[in-house]
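S.K.: Got a structure for you, questions after.
The values are calculated or read from the model by the stated rules, or taken from the named source; none is laboratory data. Model, not experiment: these values are computed from the prediction. Here Cβ is always computed from backbone atoms with ideal geometry, including for glycine, and neighbour counts include all displayed protein chains. Just the protein is used for accessible areas: all its heavy atoms, side chains included, with ligands, DNA and RNA removed. Shrake-Rupley method; radii C 1.70, N 1.55, O 1.52, S 1.80 Å.
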Amino acid sequence: MFSEELRYLLRGEPVITVLTGAGISAESGVPTFRGEDGIWKKLKPEELANFDAFLKNPALVWEWYHHRQNLIKNIEPNRGHYALAELETIYKRFYLITQNIDNLHIRAGSKNPIELHGNIMRNRCIKCGALSYEVELLKEVSIPECSICNGMLRPDVVWFGEMLPPQSLKEANRAMQESTIFFSIGTSAQVQPAASMPIWAKNYGAYLVEINIEETLLTPYVDEFIKGKSGEILPVLLKEITSFKSK
Ligand code: BJW
């Protein structure tokens, strides 16, 4: 399943960066965005995932996020998330960058994931910028308000046309520059700037590996494409690494 070159690199002292997308959470029951069963088959992203859409119809956008918060709260991380959390304890220099807002990496034990697109469990006031986490309370009202200034709250996620959190970008840049192996896992590589990160890392010298159930826009540029479900491949990878690290 894995090439000799990848095995060789993993046996040394690599700096590993992993970029994850919606595909890693698919086996937990979180729908992906694009593709056959993707949520954007039914909903248009431009109608919901941008700030203008929110200002136009905050109740509709909140209905969508309340629904997703509820879904995510009731599911569990899968073997892919757990394998990555375990890898982090094996390699001294390990970066996890995620586009996912579902909090599942943290729930699986990953210590410091770089969240590029925010976190659905956090809300932000559009007036004063205060952050809040009272998800349970917020579900009672269709458009929740800030407890400090009564401004309208929004989910603290990154919509189209918005800047990514500067600190996350800074940390992701560092990871790209330092990594010697870069894994792109379960992302269609269509949304910028995350889509370019694997290529940048490769240009900086990383060995680029993609794990996905199907080929993507990134596939022609990778050193190694591993076809399959991340929840199945990552535990096998972990097992292999554990076997040679324990010798
Ligand atoms: C499995 C699997 C299994 C299934 N195992 N695999 C440069 C060029 C062109 C456009 C732009 C550009 N720079 C900026 C843009 C505009 C825009 C953009 O990229 N548009 C493109 C769509 C064309 N980008 C932005 O606006 C970004 N902001 C920005 O760049 O700021 C600077 C700027 C501002 C203004 C102008 C110019 C520059 C912000 C992007 C924010 C994205 N936000 C979302 C929503 C988050 C909130 C929410 O969830 O509600 O983030 S969109 C959505 O897509 C979400 C995801 O994180 C993101 C990526 O999706 P992902 O993870 O790849 O999911 P899928 O569904 O696409 O793919 C799943 C994959 O898994 C598939 O490949 C499956 O095969 C696979 N899979 N099961 C392994 N078991």
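S.K.: Of the conditions (1) farther than 30 Å from PHE51 by Cα; (2) touching a residue at least 40 places away in the same chain (Cβ under 8 Å), TRP159 satisfies every one except a single condition; which number is it?
M.R.: (1)
S.K.: If a residue counts only when it is touching a Lys or Arg at 6+ places or on another chain (Cβ under 8 Å), which helices (runs of 4 or more DSSP H) contained entirely in segment 118-224 have at least 1 such residues?
M.R.: Values: elements: 135-138, 166-178, 197-203.
Output list reads 135-138, 166-178.
S.K.: Among the listed residues THR180, THR187, THR219, which satisfies the condition of being polar (S, T, N, Q) and within 9 Å of the ligand (Cβ to nearest atom)? Spell out the reasoning first.
M.R.: Values: THR180 fails: within 9 Å of the ligand (Cβ to nearest atom); THR219 fails: within 9 Å of the ligand (Cβ to nearest atom).
Step by step, each of THR180, THR187, THR219 is checked, and only THR187 is polar (S, T, N, Q) and within 9 Å of the ligand (Cβ to nearest atom).
S.K.: If LYS227 satisfies all but one of (1) open to solvent by 70 Å² or more (accessible area, probe 1.4 Å); (2) within 28 Å of MET121 (Cα to Cα), what's the number of the condition it fails?
M.R.: (2)
S.K.: Let me ask something additional. Of these, PRO198, PRO166, which one is within 27 Å of ARG68 (Cα to Cα), within 14 Å of the ligand (Cβ to nearest atom), at pLDDT 95 or above and out of contact with any His (no Cβ under 9 Å at 6 or more places or on another chain)? Quick ask: steps written out before the conclusion?
M.R.: Working: PRO198 fails: within 27 Å of ARG68 (Cα to Cα).
None of the other options fit; the residue is PRO166.
S.K.: Please work out which one of (1) of a type outside the set (Lys, Arg); (2) within 15 Å of the ligand (Cβ to nearest atom); (3) under 16 Å from VAL18 (Cβ atoms) is the condition ALA175 fails and give its number.
M.R.: The number of the failed condition is (2).
S.K.: Let me ask another. Would you say GLY186 is more than 30 Å from SER243 (Cα to Cα), small (Gly, Ala, Ser) and touching a residue at least 24 places away in the same chain (Cβ under 8 Å)? Walk me through how you get there before you give the answer.
M.R.: On the way: more than 30 Å from SER243 (Cα to Cα): no; small (Gly, Ala, Ser): yes; touching a residue at least 24 places away in the same chain (Cβ under 8 Å): yes.
So GLY186 fails the test.
S.K.: If you scan segment 24-46, which residues turn out to be open to solvent by 70 Å² or more (accessible area, probe 1.4 Å) and either at pLDDT below 90 or in contact with a Leu (Cβ under 8 Å, 6 or more places away or on another chain) (or both)?
M.R.: Within segment 24-46, ARG34, GLU36, ASP37, LYS41, LYS42, LYS44, GLU46 qualify.
S.K.: Here's something else I'd like to know. I want to confirm something. Restricting to segment 201-216 and keeping residues that are among the aliphatic types (A, V, I, L, M) and near the ligand (Cβ under 9 Å from one of its atoms), which single residue is farthest from GLU4 (Cα to Cα)? Before you say what the answer is, go through the steps one by one.
M.R.: We begin by selecting, within segment 201-216, every residue among the aliphatic types (A, V, I, L, M); these are 201, 206, 208-209, 211, 213.
From what's left, near the ligand (Cβ under 9 Å from one of its atoms): 211, 213.
Details: ILE211: 17, ILE213: 22 Å.
Within segment 201-216, the match that is farthest from GLU4 (Cα to Cα) is ILE213.
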